[in-house]
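For reference, the structure discussed in these notes is given below.
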Amino acid sequence: MDLYWTRDKDPRVPLGHASLLTALRERGLDVRSLVVAVNEPHLDAEGIVAAILGLTKGLSTKDVDVAFGAYVWGESLLRDVLRRLRRAGFSGRIVLGGPQVSYSGAGLEQLYPEADAFIRGYGEEALALLASSPDPRPIAGVHWAGTPDALTQAAVDLQSLPSPWLSGAIPLANQLFVRWETQRGCPFRCSFCQHREPGVRLRRRTLGLSRIEAEIDLFCEAGVREIAVLDPIFNVAPHAVGVLRRFAERGFTGRLSLQCRAEAVDEAFLDAASALDVCLEFGLQTIHADEGRAIERGNQIDRVDATLARCEPAASTTRSRSSSACPFKRGRRSKRASRGASSARFP
Ligand code: B12
Ligand code: SF4
């Protein structure tokens, strides 16, 4: 069950939920999906509980696991649903995952007393293992309520992760806009940022290349017009240029939005980008050396300037905006600081 935040153009099934669903189904587990947008007219907590229990009809609820994605926007509704679900007599296991769990320290039982297990990190494999295990056995990333919390993050093999696009978990009919990933996590360590993945460094950050290529082909065939790439830093991936070239080869004429590291932009990347309608976003976080040290984010401003200068001639529009991500930015705006994040569009 996912209580998600949506925008009009977003697919009705969020990516994280679809990825979990696909991984569980691939292992032959009997999974039923329920997604409710918290910012749209939706079922209230009582209605959501009724919908969950409706999906368990015919099953003994003690044999059912109900797993919830916990995101900041659904926090109060989620707690309400959990209380009511237990009050309604649900006796199966309740499992929580998602950012609210991944980025929390010890003490999750106090926040969510109804839950039996918590999964920190990317949950596909850990949830599948948990759902296949009737007993509370040790699984990396899983904290069983009431036991010592080892604060581990779940392991995931991104190379073999099945695709929620190719499985059809996110329907593409008439879906002009998608949010897409080709890699997870970030190699940098800015101190305020949750992409640092507390406690874990992924061994390989990229999804399998054959999956990425098949998804590109699918988006082009399905007529998708706008793709927001979620990768924290797209251009540091070894496949970055290849991905852009494949979109161009498949005749993609829609818009691609890419978050990039300015210092890592090279000619091959700019060449490939200039064949497409691409919005490059460069986040600096700060241009001040003292702030950079405080947040463990070093920028080489001369190289950033050089990259922006190389983008200018090719871009039909450029825009600059101040970054809201840096906690030190407020009250310290200067002419230069307003370049905290800048975007360049091709062609
Ligand atoms: C796309 C996105 C959005 C989109 C759409 C969200 C959606 N419903 O799809 C939009 C633009 C609407 C959005 C808005 C906001 N967002 Co946002 N967004 C993201 C982003 C960039 C990608 C989400 C995604 O699809 N990731 C890829 C999938 C595969 O990962 P995932 O969703 O995390 O799911 C995995 C795990 O979390 C876990 N998991 C998830 N659910 C469950 C459930 C179970 C049972 C288990 C076991 C595991 C599990 O396993 C999943 C698969 O690996 C993330 C950052 C990121 N890169 O993840 C932020 C993020 C989700 N957003 C965040 C925030 C704070 C916001 C805003 C509140 C920002 C703001 N202040 O305005 C707004 C909310 C609305 C508002 N007030 O305007 C935070 C949430 C933090 C939190 N503790 O919940 C994140 C994590 C960014 C961050 N680190 O700060 N966002
Ligand atoms: S702010 Fe950007 S570069 Fe820094 S850790 Fe987060 S995603 Fe990576």
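Might you let me know whether region 202-211 holds any residue that is farther than 30 Å from residue 115 by Cβ and more than 15 Å from ligand 1 (Cβ to nearest atom)?
yes
Return the only residue of 59, 55, 29 being loosely packed, with under 13 Cβ neighbours inside 10 Å and aliphatic (A, V, I, L, M).
It is 59.
Determine, yes or no, whether residue 163 is crowded, with 19+ Cβ neighbours inside 10 Å, more than 10 Å from ligand 1 (Cβ to nearest atom) and of a type outside the set (A, V, I, L, M, F, W, C).
Yes; evaluated as a whole, the condition is true for this residue.
What do you reckon, is residue 320 closer than 24 Å to residue 228 by Cβ, part of a strand (DSSP E or B) and either at pLDDT 95 or above or out of contact with any strand residue (DSSP E or B) (no Cβ under 6 Å at 6 or more places or on another chain) (or both)?
no
Six or more apart or on different chains, Cβ under 7 Å: which pairs go from a residue in region 186-199 that's more than 11 Å from ligand 1 (Cβ to nearest atom) to one that's outside any loop (DSSP other than H, G, I, E, B) and modelled with pLDDT of 85 or more? Could you list them?
187/236
Look at region 47-75 and say how many of its residues are outside any loop (DSSP other than H, G, I, E, B), closer than 26 Å to residue 7 by Cβ and either more than 11 Å from ligand 1 (Cβ to nearest atom) or among the hydrophobic types (A, V, I, L, M, F, W, C) (or both).
8
Among the residues of region 42-56, is there at least one that is more than 16 Å from ligand 2 (Cβ to nearest atom), of a type in the set (D, E, K, R) and touching a strand residue (DSSP E or B) at 6+ places or on another chain (Cβ under 9 Å)?
Checked against the condition, which is being more than 16 Å from ligand 2 (Cβ to nearest atom), of a type in the set (D, E, K, R) and touching a strand residue (DSSP E or B) at 6+ places or on another chain (Cβ under 9 Å), region 42-56 yields no hits at all.
Could you check region 273-287 and list, in sequence order, the residues that are away from ligand 1 (no atom under 16 Å from the Cβ) and among the charged types (D, E, K, R)?
If the condition is that a residue be away from ligand 1 (no atom under 16 Å from the Cβ) and among the charged types (D, E, K, R), then 277 is the only one that fits.
To keep it simple, each residue is scored yes or no on (1) more than 10 Å from ligand 1 (Cβ to nearest atom); (2) without any contact (Cβ under 8 Å) to a residue 40 or more places away in the chain.
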| residue | (1), (2) |
| --- | --- |
| 3 | no, no |
| 6 | no, yes |
| 10 | no, no |
| 15 | no, no |
| 23 | no, no |
| 29 | yes, no |
| 34 | yes, yes |
| 37 | no, yes |
| 45 | yes, yes |
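Kindly indicate which of 176, 158 is within 25 Å of residue 10 (Cβ to Cβ), over 19 Å from the mean Cα position of the chain (by Cα) and either assigned by TED's automatic domain parsing to the domain that holds residue 256 or buried (at least 18 other Cβ atoms within 10 Å of the Cβ) (or both).
Criteria check complete, one pass: 176.
Considering 207, 276, 244, 218, which residue is over 26 Å from residue 168 (Cα atoms), more than 16 Å from ligand 2 (Cβ to nearest atom) and modelled with pLDDT of 95 or more?
276
This table checks each residue for (1) polar (S, T, N, Q); (2) modelled with pLDDT under 65; (3) not assigned by TED's automatic domain parsing to the domain that holds residue 266.
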{"residue": "282", "(1), (2), (3)": "no, no, no"}
{"residue": "285", "(1), (2), (3)": "yes, no, no"}
{"residue": "297", "(1), (2), (3)": "no, no, no"}
{"residue": "301", "(1), (2), (3)": "no, no, no"}
{"residue": "325", "(1), (2), (3)": "no, yes, no"}
{"residue": "330", "(1), (2), (3)": "no, yes, no"}
{"residue": "340", "(1), (2), (3)": "no, yes, no"}
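Give me the residue from region 12-24 that is more than 9 Å from residue 164 (Cα to Cα) and either over 14 Å from the mean Cα position of the chain (by Cα) or assigned to a strand (DSSP E or B) (or both) and, out of that set, modelled with the lowest pLDDT.
Filtering region 12-24 for residues that are more than 9 Å from residue 164 (Cα to Cα) and either over 14 Å from the mean Cα position of the chain (by Cα) or assigned to a strand (DSSP E or B) (or both), the one modelled with the lowest pLDDT comes out as 12.
The values are calculated or read from the model by the stated rules, or taken from the named source; none is laboratory data. None of these values were measured; they are calculated from a predicted model. Backbone-built Cβ (ideal geometry, glycine too); neighbour counts: all protein chains shown.
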